[in-house]
1. Six or more apart or on different chains, Cβ atoms under 7 Å: show the pairs whose first residue is in region 50-62 and without any contact (Cβ under 8 Å) to a residue 60 or more places away in the chain and whose second is part of a loop (DSSP other than H, G, I, E, B) and of a type outside the set (Gly, Ala, Ser).
2. In region 71-81, which residue that is assigned to a helix (DSSP H, G or I) and among the charged types (D, E, K, R) is surrounded by the most Cβ atoms within 10 Å (Cβ to Cβ)?
3. Which condition from (1) farther than 15 Å from Ile198 by Cβ; (2) among the aromatic types (Phe, Trp, Tyr); (3) in contact with a helix residue (DSSP H, G or I) (Cβ under 8 Å, 6 or more places away or on another chain) is the one that Phe70 breaks?
4. Tell me, yes or no, whether region 31-52 has at least one residue that is at pLDDT 90 or above, closer than 29 Å to Leu130 by Cα and either surrounded by 14 or more Cβ atoms within 10 Å (Cβ to Cβ) or in contact with a Lys or Arg (Cβ under 7 Å, 6 or more places away or on another chain) (or both).
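The values are calculated or read from the model by the stated rules, or taken from the named source; none is laboratory data. What you see is a predicted model; the values in this text were computed from it and never measured. Heads up, the Cβs are rebuilt from the backbone with ideal geometry, glycines too, and the neighbour counts pull from every protein chain shown.
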Amino acid sequence: MSGYSRDRRRTIGRDGEVGHTSSSTADKLSKRTHPTETITFRLPTALLEELRKDAELEKINLNAFVTRIFSNHVQWERYERKMGLLPMTKPFLKEVINQLTNDQIINLAQKMEKENFKNILTFMNESHDLDDFVEILRTWLTVSWMQHNIVLRNGSYHFNIQHDLGYKWSLYVQTLVSELSNDILQRRAEIRITDNVISIVFPRD
């Protein structure tokens, strides 16, 4: 299951919210931990027009949208081939996971996928704090085309994830994120699931 659903329908709206606005966690973290720099690119007009359209659909400015694209590449996409990640269509993934029992899904997430993702995280960065972990999770959700929002409230990160892959996908994500949080962050994530919604809270303390 070391892949991600690549549904080509554009998701619009809520991914990457922090606080009360639609600014992404990536924007927040980059502003807090890294200086910014102005650089000029010469791009085809047609390409810029398409980027502007997508930024408008996402209800963010062009600069924030392009920053998100670059962040997704740096945080995830450049590692896909190196780590053996494969894109899957949503119907294929849903059909495959529904062939498994709940016990098989839990066992897969605990014994195989946890180690795969730990290797991916280590390959990306040798050490991870909560902000790093949240940003990588956000990027994975974004490239997987799962609608999500993130709210930073009282020092805790609150994720709400929407998908239409059914309960067994929710169970898979719940088990995987719980295992990774325990192993990497040494803290317990609070996770609730339904057939198509996953709610995750990462407390700071």
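1. If the second residue must be part of a loop (DSSP other than H, G, I, E, B) and of a type outside the set (Gly, Ala, Ser), the pairs left are Ala55/Asn61; Leu57/Arg10; Leu57/Ile12; Glu58/Ile12.
2. Within region 71-81, the subset assigned to a helix (DSSP H, G or I) is 71-75, 77-79.
Still in the list and also among the charged types (D, E, K, R): 77-78.
Details: Glu77: 14, Arg78: 11.
Among them, the one singled out is Glu77.
3. Condition not satisfied by Phe70: (3).
4. no
Residue by residue, here is whether (1) of a type in the set (Phe, Trp, Tyr); (2) at pLDDT 80 or above; (3) outside any helix (DSSP H, G or I) holds:
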{"site": "Arg10", "(1), (2), (3)": "no, no, yes"}
{"site": "Ser23", "(1), (2), (3)": "no, no, yes"}
{"site": "Ile60", "(1), (2), (3)": "no, yes, yes"}
{"site": "Ile69", "(1), (2), (3)": "no, yes, no"}
{"site": "Met83", "(1), (2), (3)": "no, no, yes"}
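Conditions (1) hydrophobic (A, V, I, L, M, F, W, C); (2) under 23 Å from His163 (Cα atoms), marked per residue:
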| residue | (1), (2) |
| --- | --- |
| Leu47 | yes, no |
| Leu51 | yes, no |
| Leu57 | yes, yes |
| Arg68 | no, yes |
| Thr89 | no, yes |
| Leu93 | yes, yes |
| Gln110 | no, yes |
| Lys118 | no, no |
